[in-house]
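Notes for the one structure printed next.
The values are calculated or read from the model by the stated rules, or taken from the named source; none is laboratory data. What you see is a predicted model, and the numbers here were worked out from it, not measured in a lab. Every residue, glycine among them, receives a Cβ derived from its backbone with ideal geometry; neighbour counts consider all protein chains shown. In case anyone asks, the SASA skips ligands and DNA or RNA and just uses the protein heavy atoms, side chains included. Shrake-Rupley method; radii C 1.70, N 1.55, O 1.52, S 1.80 Å.
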Amino acid sequence: METEDKTPHDRFRTAVSILIATVTVVGAAAAWRTSVANGQAGSANSKGLHAALQGANAAITVSTYLSMNLGFFADYREHLEKANLLEADAAKETDGARRASLREEAVRERNLAATARSYVDQDYLAIDPETGLEIFDGNRYWEAQWAEASAGQDLDEASFFAQANHTRTKARALTGVTVGLGTVLFLLTASTVAASRARYVLAGIAVPIFLGAVAAVAALEVLL
Amino acid sequence: MDDLEKGSEEKMTTPVKPARPPFALSEEGWKHLLVLLIAGVALFGTVVAALQVNSSVRAARASRDGRAYTLKAIGKSEAGILRYIYERNRLAAHQALVTEWALERRLAQERTSLTAAQEDERAAARLWRVMDDARSLSALLSPPYFDEETFYADVIQFGVNFLVVPPALTLEKEAAKREEADAWGAKSERYVVTITVLAVSLFLFGLAMTLRGRLKTLFTSVGVLIVTASLAFVLSAALAPVPRIPEESMTLYATGVGETYYAGILELGGAYGRVPDHADWAIESFTQAIALRPDYAAAYQARGDARLLKAEALLFGSGDSQKVSSGLAGSISDFVRAAALGRRDKETWSRLAWAYFLAERYPESVEAARRALALAPDLGLRLGLQLALALLGAEGQAKANEELEAALAGAEEHPLASDSLAFRAAIRGLADLERARPLPGMAKIERRLKEAFVSLTYRGTATVRPSGATVGGLTFESLELDAEGRVVGRRPTGSFAGGTDRVGLSFDYTGIPQGALVVLKVYWEGLEQTPLTQVERWSPPSSGRAERVVRAPIEHDFVGLMPGRYTAEVYVEGELLSSGTFEIE
């Protein structure tokens, strides 16, 4: 009857073979997670680019409308100033016909001023406390319109790009771990063909690297 | 030695081979099997690699096309704005000609000299011809936007057609390409994972060739298991559908967005009676878009918005409660469906919170408002006010006040400029809500918001400390003016004739300190009229009777204060001390 006595060499080979299989499975898992991380980073990049383009669009839109308001406000101030000057001249005029003509002209200018003013966003008209003159608060207009645009869509790419950078860091770290696992595979495979003492040394180097790699993968998944 | 002994001896020296189980392989058989498996996996791997390259290329192409659409959307948006500005300038110029023409006609009627009157008539005729010519240079001053009988230009519809719909359609095309790129990208990733896993199985098969016995069987079995799972994985990836979004559905969506925009502008302006028609057209467009693409999350969200707008307009306007309830229920259903399809952004949660609130489902409103606030803490005032209202319904005044004060504290941290729209919308909304959906404590919240807004605007803080001043009831007066336009008489009244361009206001007061900030605010039909706001540092005596004039910001010939209901409010150091109403017919 044949008996099978396992020698230490056979037990070592069995252990190393199981270890090699384990390492390949862990390596495949690390490669999968790297792929997932790269995909997430790509998606975040895409969203960030979309937000940047939306932001550029919003900036152009708001500044264009601001220019429009400032243009109409300038027209309003110009016509109002003319009306005030005409009325002042009319008050000083002694000739009746000339006075009436100046007043008529003042009414025309005041009408034009009112028309121009109606096209200005009234919410942003204010009185300059130093001069007492009416002003169009362009800064406040910009802030309010930008806030309104931000309420409905993402305009800032920074957070998305930060997320993408963070995820790419994870992907790079996982790639490094995969290289480490490849090294472990090489050492374990070499140990199966090495001489008696050398195989234990090779396996002895491989095992801690493998354990370190597993810990690294776990840490990356939890922390990043 | 006899035969029996010989047989026994033979049996003892010749090793007995165990019987081979059925289907067991010889060493040669194992070798052939493993070689076949390795070759098969290598072939499978090349197929998967080809699929991966194909998916990667398609993902890159869709991503490129999507970015091109984004740039085109910006271009369309800017082109629309420039066109809109040109047309607005043309409208303003036409309006100026109209006022000139009206003035000449009035002067012609008032002239005592026939020659002068004829000159004015000729001037009016010249202006009429210029106006006619000016209209030919502008799309906004031509049909279908311009009514030549009333001189009314439908600026909103023009804005919808040039500013809203074209970029909305292009952005939808961009979103569709992004979805397509994501789907192809997901396939590509799965193929990459499969190739990696197949490499593992190849390794296991190679290793199995060097092993014997059970280990050989184990490694081979594991390898075969991996290959089988990979095959299923690849098949599922290959068969996974890639979104193909019909262009017609996107066009319908963009049309619906335009109508919703129109309805929203009307609703903001208080024209509640006109909102349902535009909202219905929007709802119909979105419904057709959804019929073409049942998983159209954006269309569900937008339809929810249109339904909510309609319900809100009915609630604050005619008050048809049956239609309000069904509209709100439909809106909620749409927002929930949009969230289920992945549209879990601050806009969806915020609008859902509002819909729940109007439907008097306060606990759900609180939950949705919290989700919105968690996603967008930078919109603290806007969303915080919404949460405070929801808490008012769900948990009472104390919780609502707590949230309100937190929102106001947040508003104090950055310039008011970014929150003024939120304050105005909230104050106006509360005034409407108090009529349509009153809750105990709502009036207090409205008052606190108004005081905080005034205080933040002019004092830089949301905190209001009573100054000890008192202001009596507001008296509104019809004014008698001399030839120079100075007030020479006042007659108390609550109602004024159409065309009135100034209204007298007086009130008794006590204890207003010198230099105190006194603000007079005026609202028309619930909308704050900022040109009528008056701000002063108090210089009159600390007690007495104050007289002021509420007037159009600039005297002109043709329009006075708009007809409607006005409300005036007096604030001292941010504290609301008195209010009153008057009507202009």
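Side notes on the structure shown:
- Those residues of the stretch B:187-208 which are facing chain A (nearest Cβ under 7 Å) and either surrounded by fewer than 18 Cβ atoms within 10 Å (Cβ to Cβ) or not charged (D, E, K, R) (or both), in sequence order: B:VAL192, B:VAL193, B:THR196, B:VAL197, B:VAL200, B:PHE203, B:LEU204, B:LEU207
- Residues within the stretch B:385-419 that are touching a Leu at 6+ places or on another chain (Cβ under 9 Å) and within 14 Å of chain A (Cβ to nearest Cβ), tallied: 7
- Residue identified as closer than 30 Å to A:ALA51 by Cβ and in contact (Cβ under 8 Å) with a residue 24 or more places away in the chain among B:LEU169, B:LEU202, B:LEU198: B:LEU169
- Restricting the stretch B:228-239 to residues that are open to solvent by 30 Å² or more (accessible area, probe 1.4 Å) and touching a residue at least 60 places away in the same chain (Cβ under 8 Å), the residue that is farthest from B:LEU202 (Cα to Cα) is B:ALA238.
- Near pairs, Cβ below 9 angstrom, 6+ apart or cross-chain, from the stretch B:32-53 (closer than 12 Å to B:LEU231 by Cα) to any residue that is of a type in the set (Ser, Thr, Tyr): B:VAL41/B:SER201; B:VAL41/B:SER230; B:PHE44/B:THR194; B:PHE44/B:SER230; B:GLY45/B:THR194; B:VAL48/B:TYR191; B:VAL48/B:THR194; B:VAL48/B:SER230
- Any chance A:SER63 is at pLDDT 85 or above and of a type in the set (Gly, Ala, Ser): yes
Per-residue answers, yes or no, for (1) at the interface with chain B (Cβ under 7 Å from one of its Cβ atoms); (2) aliphatic (A, V, I, L, M); (3) under 27 Å from B:SER63 (Cα atoms):
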{"residue": "A:ALA31", "(1), (2), (3)": "yes, yes, yes"}
{"residue": "A:ALA37", "(1), (2), (3)": "no, yes, yes"}
{"residue": "A:ALA44", "(1), (2), (3)": "no, yes, yes"}
{"residue": "A:GLY48", "(1), (2), (3)": "no, no, yes"}
{"residue": "A:THR64", "(1), (2), (3)": "yes, no, no"}
{"residue": "A:LEU70", "(1), (2), (3)": "no, yes, no"}
{"residue": "A:PHE73", "(1), (2), (3)": "no, no, no"}
{"residue": "A:VAL107", "(1), (2), (3)": "yes, yes, no"}
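- Taking the stretch B:372-400 as the range and being open to solvent by 10 Å² or more (accessible area, probe 1.4 Å), of a type outside the set (A, V, I, L, M) and touching a residue at least 24 places away in the same chain (Cβ under 8 Å) as the test, the residues that pass are B:GLY380, B:ARG382, B:GLN386, B:GLY393, B:GLU395, B:GLY396, B:GLN397.
- Number of the exception - A:ASP128 against (1) touching a strand residue (DSSP E or B) at 6+ places or on another chain (Cβ under 7 Å); (2) touching a residue at least 40 places away in the same chain (Cβ under 8 Å); (3) more than 9 Å from every other protein chain (Cβ to nearest Cβ): (2)
- Verdict on A:LEU102 being open to solvent by 40 Å² or more (accessible area, probe 1.4 Å), free of Cβ contacts under 8 Å to residues at least 40 places away in the same chain, away from chain B (no Cβ under 11 Å) and among the hydrophobic types (A, V, I, L, M, F, W, C): no
- Apart from one condition, B:LEU235 fits all of (1) more than 26 Å from A:GLY182 (Cβ to Cβ); (2) facing another protein chain (nearest Cβ under 9 Å); the exception is (2).
- With respect to the stated conditions, B:LEU211 is in contact with a Phe, Trp or Tyr (Cβ under 8 Å, 6 or more places away or on another chain) and surrounded by fewer than 20 Cβ atoms within 10 Å (Cβ to Cβ).
- Filter pass, B:ASP345 being under 20 Å from the mean Cα position of the chain (by Cα), within 14 Å of chain A (Cβ to nearest Cβ) and within 27 Å of B:ALA462 (Cβ to Cβ): no
- Taking the listed residues B:GLU78, B:GLU121, the one that is more than 11 Å from chain A (Cβ to nearest Cβ) and surrounded by 13 or more Cβ atoms within 10 Å (Cβ to Cβ) is B:GLU121, with no other qualifying.
- A:VAL25 being in a helix (DSSP H, G or I), facing chain B (nearest Cβ under 10 Å), open to solvent by 60 Å² or more (accessible area, probe 1.4 Å) and under 30 Å from B:THR194 (Cα atoms): yes
- Filtering the stretch B:240-251 to residues that are modelled with pLDDT of 95 or more and open to solvent by 30 Å² or more (accessible area, probe 1.4 Å) leaves B:GLU248, B:THR251.
- Members of the stretch B:528-541 that are more than 20 Å from A:ASP137 (Cα to Cα) and not in a loop (DSSP other than H, G, I, E, B): B:ARG537
- Selection within the stretch A:134-170 - in contact with a Gly (Cβ under 9 Å, 6 or more places away or on another chain), within 12 Å of chain B (Cβ to nearest Cβ) and of a type outside the set (S, T, N, Q): A:ALA149, A:ASP154, A:LEU155, A:ASP156
- Residue in the stretch B:475-496 that is loosely packed, with under 12 Cβ neighbours inside 10 Å, in contact (Cβ under 8 Å) with a residue 24 or more places away in the chain and part of a strand (DSSP E or B) present: yes
- Residue among A:GLY71, A:GLY39 that alone is of a type outside the set (D, E, K, R), on the phi < 0 side of the Ramachandran plot, without any contact (Cβ under 8 Å) to a residue 12 or more places away in the chain and open to solvent by 30 Å² or more (accessible area, probe 1.4 Å): A:GLY71
- Which listed residue is away from chain B (no Cβ under 13 Å) and open to solvent by 40 Å² or more (accessible area, probe 1.4 Å), from A:VAL179, A:VAL193: A:VAL179
- Criterion applied to B:ILE265, B:ILE283 was being buried (at least 23 other Cβ atoms within 10 Å of the Cβ), within 17 Å of the chain's Cα centre (by Cα) and β-branched (Val, Ile, Thr), and the one residue passing it is B:ILE283.
- Meets criteria (open to solvent by less than 40 Å² (accessible area, probe 1.4 Å), among the small types (Gly, Ala, Ser) and over 32 Å from the mean Cα position of the chain (by Cα)) for A:ALA198: no
- Selection count where residues are in a helix (DSSP H, G or I) and more than 20 Å from B:ALA369 (Cα to Cα), scope the stretch B:394-417: 3
- The residues of the stretch B:401-424 that are closer than 17 Å to B:THR530 by Cα and in contact (Cβ under 8 Å) with a residue 24 or more places away in the chain, listed by number, are B:LEU416, B:ASP419, B:SER420, B:ALA422, B:PHE423, B:ARG424.
- Qualifying residue in the stretch B:128-141 (condition: within 12 Å of chain A (Cβ to nearest Cβ) and surrounded by 13 or more Cβ atoms within 10 Å (Cβ to Cβ)): no
- Residues in the stretch B:95-118 that are out of contact with any Lys or Arg (no Cβ under 7 Å at 6 or more places or on another chain), open to solvent by less than 60 Å² (accessible area, probe 1.4 Å) and more than 9 Å from chain A (Cβ to nearest Cβ): B:LEU97, B:TRP101, B:GLU104, B:ALA108, B:SER113, B:ALA116.
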